[in-house]
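**Student:** Handing you this structure, nothing more for now.
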Ligand code: FES
Ligand code: FES
């Protein structure tokens with residue numbers, strides 16, 4: 001994998017040493033438990049002013065009046081930024097030059113295209129004055145009727161879904177296979193709009209110094225943010241310095257620079273002072289992306305023994321009126337179940353909403369709950385146990401492509417998960433299990449899956465004469481544990497103890513670490529680190545093995561092993577030399593290496609690469625009130641090499657709780673008349689609280705994947721939500737006999753008697 | 001018109017002039033006293049990120065007006081570790097990985113210290129979950145949080161009494 005090294009000239013060395021795989025506690029833990037970790041909004045440069053956005057209270061129309069005078073007259077208010085009074089941009093915010101560029105609302109005109117769209121920014125000497133000034137703007141609108149929801153308008157087939165995927169893919173002849181099938185099942189599932197709601201609202205502290213811009217803002221993609229801002233402001237990317245050492249959660253909402261973050265920079269430019277702009281919670285329900293609603297129809301053909309012959313997964317979704325993001329919900333059906341004929345198709349409508357975007361497992365989460373529900377229905381139609389049904393249709397190769405899997409330990413996930421859960425004691429019939437208090441008990445399951453992706457990244461490694469090392473890459477820690485896991489990889493790559501390894505990340509002046517998304521950050525940044533370490537160790541080894549004064553002289557092709565700050569001859573470990581001695585003899589203070597990572601097209605061509613898992617859920621339902629509680633979840637996941645089990649478990653738990661939330665808690669409720677979200681706050685937009693999550697178990701199933709990347713890492717950030725949501729929903733059916741096909745499942749859905 | 005108040009924050013007396021009666025205790029701490037450890041997640045009492053102890057009791061500081069806390073004794077996350085030693089609740093949060101992004105963590109820890117002082121949970125995980133349910137965690141570190149609170153509570157009880165507030169540097 002390390003193209004920079006040729007084995008014939010440079011001795012190889014062994015890595016995957018003593019740091020990878022250790023359940024270390026978070027290296028940033030002390031900062032985070034003492035309040036010393038600095039998030040964007042915690043910054044306070046000298047002379048800083050406060051900016052507060054005014055956002056639209058209508059979903060469609062025009063702003064016809066703003067009382068700028070009243071706001072400006074308010075004590076403490078310094079300026080009011082409006083479409084008529086703002087710094088010029090170098091680029092139209094509605095221009096789009098690549099698929100990762102999304103249109104932004106930067107006060108370019110008086111149009112309102114969704115509720116909570118920014119319409120002005122008030123800058124003041126105190127947060128209170130800015131807030132009061134924004135309220136004084138008292139906007140008046142010319143309002144047009146809002147187009148709302150999945151039936152807002154005529155639908156169409158998008159040119160592409162997700163990022164550049166085809167809207168429709170077919171293998172085999174689904175219609176013919178359905179016509180011939182012994183049993184057919186058709187079910188329509190609806191999923192609601194959901195909002196990321198990271199606990200940290202989007203925030204920015206921006207300061208200009210001439211043509212140089214310095215900003216603190218949470219970012220899951222520093223280099224992309226730098227490029228985007230450079231384009232908007234017409235300055236060189238290297239003139240933009242972004243600090244994002246800690247994100248207070250991202251979940252996809254901080255992957256791309258959002259409009260409000262750019263407004264903070266514009267405000268700073270307008271007033272010529274540093275400015276802090278922090279979103280109010282309700283302002284996060286519009287301009288920073290969300291998961292769009294879907295209506296998915298599953299059509300399955302199968303025989304009496306439960307063998308699938310046809311699978312059609314159709315998904316309808318919603319995008320904004322002015323940009324294209326189409327949730328690829330049906331594509332989950334490409335990989336999981338071995339139907340000989342598979343069709344996935346998408347259609348979409350446009351509505352007056354902020355553009356939806358990537359939200360933790362975009363497509364996979366929405367698609368999974370529908371697919372797993374339909375599979376559960378089919379299993380019951382055959383009188384089969386849902387696990388037996390899934391095993392009957394186990395995909396030995398990727399169904400849509402026919403490619404072999406690079407690795408797939410799903411059978412083991414099913415087996416160990418089922419055993420830990422006690423699945424074999426489940427009744428096939430629903431509404432047959434009760435606990436000692438008379439609650440209905442239901443057990444359900446779902447299969448988890450997420451693609452093993454890789455992006456591009458770079459890293460720089462340094463070994464110093466004092467025996468320490470540095471690894472640099474602009475990686476992002478949004479809670480997944482990059483500060484720890486990547487440092488572990490770095491230490492092993494350098495052949496150093498962790499406490500001799502300085503790991504630098506989180507700022508835009510470091511090598512590009514790619515984007516923290518697609519569950520690919522550890523693999524991507526990790527491989528760049530791994531290769532940078534290999535490069536610098538190889539350079540060091542070349543110094544030693546070519547020097548007759550070194551005990552390693554002439555190690556040649558036998559190679560050396562880098563361990564604990566020393567190089568050892570592979571064929572005679574007693575012959576070794578410390579890094580510092582090698583550098584000292586060469587008269588060098590330090591030595592540098594570089595590494596990069598990228599997906600390997602030939603591997604992608606040959607293999608289907610995915611992480612897998614199985615989730616088993618228990619719910620209890622009050623038979624009189626219909627109240628549901630998810631009482632127990634067991635997940636078993638196979639996701640390649642685990643770098644830090646403590647942090648990986650937290651990722652699995654987090655994903656599983658998002659699954660519970662998908663099935664039972666969260667949704668944005670849209671007012672059909674106004675196009676406004678009725679529950680744009682954390683009291684009414686329900687996410688699980690501690691009491692909603694009694695018992696979780698996540699098993700890490702051994703999996704060695706020689707193909708995904710040299711480290712064998714797949715990714716764990718998103719897979720937990722897939723499978724879990726369906727498992728909980730299926731458990732609700734098993735408890736009650738009521739099949740609810742829209743989410744979240746509420747007690748009102750369960751107060752009807754079991755369907756006949 | 002300005003308003004003068006004085007309060008004790010983490011043991012230090014602070015005299016504050018406020019130019020605006022609407023300043024919340026949270027914004028006073030964050031924007032005027034530069035104690036940014038306490039976080040703002042919603043600004044309306046719905047998330048618990050801003051939890052601090054006022055006269056030993058946990059409150060949402062975003063819902064409290066600074067002006068109405070003249071004379072109060074405030075403890076924030078910055079005042080929990082003493083003499084370079086982490087508080088047992090802080091140690092337990094690290095040990096049980098009761099945090100991911102860490103943004104809710106200061107609030108969780110202050111809430112946990114408050115909860116332990118309230119002495120109502122009896123080491124029962126269900127009561128801990130209930131008592132910690134005013135503090136949202138979108139990363140969903142709840143399993144670790146519950147374990148950490150139970151663990152810290154036990155250690156504090158063993159160390160003598162439920163005075164969770166302090167741990168001797170010895
Ligand atoms: S910020 Fe105070 S409760 Fe959310
Ligand atoms: S640790 Fe991220 S919100 Fe709790």
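**Student:** Rounded to the nearest 5, what % of the DSSP beta bridges within chain A are antiparallel ones? Numbers along the way, then the final one.
**Tutor:** Numbers: 99 of 128 bridges.
Antiparallel: roughly 75 percent of the beta bridges in chain A.
**Student:** Let me ask you something else. Which stretch or stretches of the stretch A:163-200 have amide N atoms under 14 Å from the point lying 7 Å from residue A:381's Cα along the Cα→Cβ direction?
**Tutor:** Of the residues in the stretch A:163-200, A:177-189 have backbone N under 14 Å from the label point off residue A:381.
**Student:** Extending each Cα 7 Å along its Cβ direction at residue A:85 and residue A:188, get the distance between those two points in nm, one decimal.
**Tutor:** 5.1
**Student:** Mind checking the mean number of beta-carbon atoms from other chains within 10 Å of the Cβ atoms in A:685-696? Don't skip to the end; give the middle numbers.
**Tutor:** Working: counts 1, 0, 5, 6, 10, 19, 10, 4, 8, 6, 2, 3.
Mean partner shielding for this stretch: 6.
**Student:** Right, here's the next one. Please give the average number of partner chain Cβ atoms lying within 10 Å of the Cβ of each residue in A:671-677, rounded to a whole number. Each step should come with its number before you reach the end.
**Tutor:** Details: counts 0, 0, 0, 0, 0, 0, 0.
So the per-residue partner count for this stretch is 0.
**Student:** Separation between the residue A:672 and residue A:67 pseudo-spin-labels, each 7 Å from Cα along Cα→Cβ, expressed in nm?
**Tutor:** 3.5
**Student:** Mind grabbing the base-10 log of I(q)/I(0) for chain A at q = 0.04, 0.07, 0.09 Å⁻¹? Debye formula, identical points on the C-alpha positions, no solvent, two decimal places.
**Tutor:** The computed values of log10 I(q)/I(0) come out as -0.18, -0.54, -0.86.
**Student:** List, largest first, the extents of the alpha carbons of the stretch B:3-79 along their principal axes, each in whole Å.
**Tutor:** Here the spans come out as 29, 25, 20 Å, largest first.
**Student:** Sticking with this structure for a sec: Between residue A:586 and residue A:212, how high is the FRET efficiency from 1/(1 + (r/R0)^6) when r is the Cβ-Cβ distance and R₀ = 41 Å? Nearest 0.05. Intermediate values should be presented prior to the final figure.
**Tutor:** Numbers: r = 38 Å, r/R0 = 0.92.
For residue A:586 and residue A:212, the calculated efficiency is 0.60.
**Student:** Could you give the radius of gyration (one decimal) and Dmax (whole number) of the Cα atoms in the stretch A:640-753, in Å?
**Tutor:** 17.7, 55
**Student:** Per-residue Cβ counts within 10 Å, from other chains only, averaged over B:29-35: what number is that?
**Tutor:** Values: counts 0, 4, 8, 3, 0, 2, 2.
Whole-number average of other-chain Cβ neighbours for B:29-35 is 3.
**Student:** Return the distance in nm (one decimal) between the two label points of a simple spin-label model at residue A:168 and residue A:424, each offset 7 Å from Cα along Cα→Cβ.
**Tutor:** Inter-label distance under the simple model: 4.7 nm.
**Student:** Continuing with this model, one more query. Taking other Cβ within 10 Å of each residue's Cβ, how do A:415, B:58 sort, fewest first?
**Tutor:** Values: A:415 17, B:58 23.
Listing A:415, B:58 from fewest to most nearby Cβ atoms yields A:415, B:58.
**Student:** Just rank A:366, A:212, A:25, fewest to most, by other beta-carbon atoms within 10 angstrom. Mind showing how you got there, number by number?
**Tutor:** On the way: A:366 33, A:212 13, A:25 18.
Exposure proxy ranking, most exposed first: A:212, A:25, A:366.
**Student:** Which of A:39, A:189 has the fewest other C-beta atoms within 10 Å, and how do the rest follow up to the most? If you can, show how the numbers build up before the last one.
**Tutor:** Details: A:39 22, A:189 25.
With the sparsest Cβ surroundings first, the list reads A:39, A:189.
**Student:** Continuing with this model, one more query. How high is the FRET efficiency from residue B:57 to residue B:4, r the C-beta distance, R0 25 Å, rounded to 0.05?
**Tutor:** Details: r = 24 Å, r/R0 = 0.98.
The pair residue B:57/residue B:4 has a calculated efficiency of 0.55.
**Student:** Which three extents, in angstrom, do the Cα atoms of the stretch B:88-169 have along their principal axes, listed largest first?
**Tutor:** For the stretch B:88-169, the Cα extents along the three principal axes come out at 34, 27, 16 Å.
**Student:** Next question. Counting only helical runs of four or more DSSP H residues, what would the 222 nm mean residue ellipticity of the protein assembly as shown come to if each run contributes -39,500 (n - 2.57) and the total is spread over all its residues? Working shown, then result.
**Tutor:** On the way: 20 runs with 228 residues, N = 926.
Calculated mean residue ellipticity at 222 nm is -7500 deg cm²/dmol.
Each reported figure results from applying straightforward, stated rules to the coordinates on display, with no laboratory input. Treat the numbers as computed from the prediction; the structure is a model and nothing was measured. With ideal geometry, Cβ positions are generated from the backbone for all residues, glycine too; neighbour counts draw on all protein chains shown.
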